[in-house]
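The values are calculated or read from the model by the stated rules, or taken from the named source; none is laboratory data. Keep in mind that this is a model prediction, so the values were computed, not measured. Please note that ligands, DNA and RNA were not included when accessible areas were found on the heavy atoms of the full protein model with its side chains. Shrake-Rupley method; radii C 1.70, N 1.55, O 1.52, S 1.80 Å.
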Amino acid sequence: MPENWMLPRIFPIGGILFDFLFVLIAIPIEAYVLHYRLKFDKKSSTFYAISINLFSSVIGWFIFFVSEPMLPIQVKSELMNYMFFNNFKSPKSQSLIILTAFVIFFATFLMKFFILRVLLLSLNEPVVKKQEEEPETFQRRRWRSFTNLKLQSTSLVTTILIANSLSYTLITIILLFRSK
């Protein structure tokens, strides 16, 4: 770890505001995909979309602020030039940006998947058996809920990938319009 490790004194307010705009764009798209594919009700899908996007955004900014002081001077210069002036100095930065975008996409996908998985496991209410309920009926209900949970866990990866892809596609289109 470098000796001069410290948090940056100037925060990229424009970048933070654009990230807030991207979260506001991603939440309805991902909530709709969660509602449509996983058959959550609208309130639950919106809650899960807000949770996974805010947690992944906070984790992403934390990783950015921790790793930024360790970057080489040329990369820091390009990063600051892009954040404050929306352009690059060297043409070699385009390939680095594309590689970084792929890494960020898949890291965000993995973060959102694990966050949603933890939320689903932690918010799962235990099945309470009523005393007047017959054991056979209870077994059928438990089997049905287990089958639904199994179906949800198999399509969870695909659903998060679709939701993340759609939101990142719209964010990329907005960034392309911003650059012109």
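Summary table
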| quantity | calculated |
| --- | --- |
| Accessible area in the full protein assembly, largest first, 1.4 Å probe, for GLU68, GLU30 | GLU68, GLU30 |
| Solvent-accessible area per residue, Å², over the range 6-78 with all protein chains present [probe radius 1.4 Å] | 63 |
